[in-house]
Amino acid sequence: MVKQPEFKRVRFGLIKPWEKNPRNIKTEKLERLAKSIKEKGLFQTLTCWKEGSFYITGGGNMRWQAMKHILKWPDDREVWISLNFPENEKEKIELSLLDNMRFGQYIEQELAELTYPYIDEIELEEFDIDLKEPVSLKSIIEDFGPNLDNKEKDNNEDNEYIVCPKCGFKWKEGEY
């Protein structure tokens, strides 16, 4: 049985970003995120796990960056986190993916009808609405991962590839 997360307040200085986080954010969007946190508060917890005496963000790395680098939150400020208990690297990756996964999508007509009466009050440029269908991790691996159909060719050219010792992923220097 999976241990359920615990919600708790911890000192901001005890939270560190996950070094393997595969996401980034442009400066302009990070500034918008910081503005949103400053004006509306932090209404989504950071998804963390414990490593030593620190809490590592598996989800919420962009929020952490905004709080640390733009808002300059002091280390002794308390923050709500969702403390999770992954047992291995695979579970850490799954937590990060789940924190950033979109389960639904907007219905354009309904969104327009909902917000239209407030167009003079809402700063419309402040909101980027993602209307695309989510992309599966499988399709990302197929598009950007190693060519799994050419294993024989890869084996003949192993000396040209860098190979990850943990997962066996191969790439040529400068490809990624």
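We did not get these values from a lab; they are worked out from the coordinates using the rules stated. Everything numeric here is computed off the predicted structure, so don't read it as measured data. Here the Cβ is made from the backbone with ideal geometry for all residues, glycine too, and neighbour counts use every protein chain on show.
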Q: Over 13 Å, how big is the tail of the calculated P(r) for region 61-100, in percent of all Cα pairs?
A: 64 percent
**Q.** Label-point separation in nm, K29 to S53, each point 7 Å along Cα→Cβ
**A.** 3.6 nm
Q: Give the peptides 37-48, 110-121 in descending order of average Cβ contacts within 10 Å, highest first.
A: 37-48, 110-121
Q: Based on the mean of other Cβ atoms within 10 Å per residue, sort peptides 77-90, 50-63 so the most packed one is first.
A: 50-63, 77-90
**Q.** Relative contact order [Cα under 8 Å, 6+ residues apart], region 1-103, whole percent
**A.** 42 percent
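Rounded to two decimals, what is the ratio between the C-alpha radius of gyration of region 1-137 and 2.2 N^0.38 Å?
Expressed relative to 2.2 N^0.38 Å, the Cα Rg reads 1.17.
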Q: Grab the beta carbon distance between V2 and E89, set R0 = 22 Å, and tell me the FRET efficiency rounded to 0.05.
A: 0.85
(Q) Using the Karplus curve 6.51 cos²θ - 1.76 cosθ + 1.60 with θ = phi - 60°, what ³J(HN,Hα) values do you get for each residue of region 8-20, in whole Hz, with x for Gly and Pro? (A) 8, 9, 9, 5, 4, x, 8, 9, 10, x, 6, 5, 9
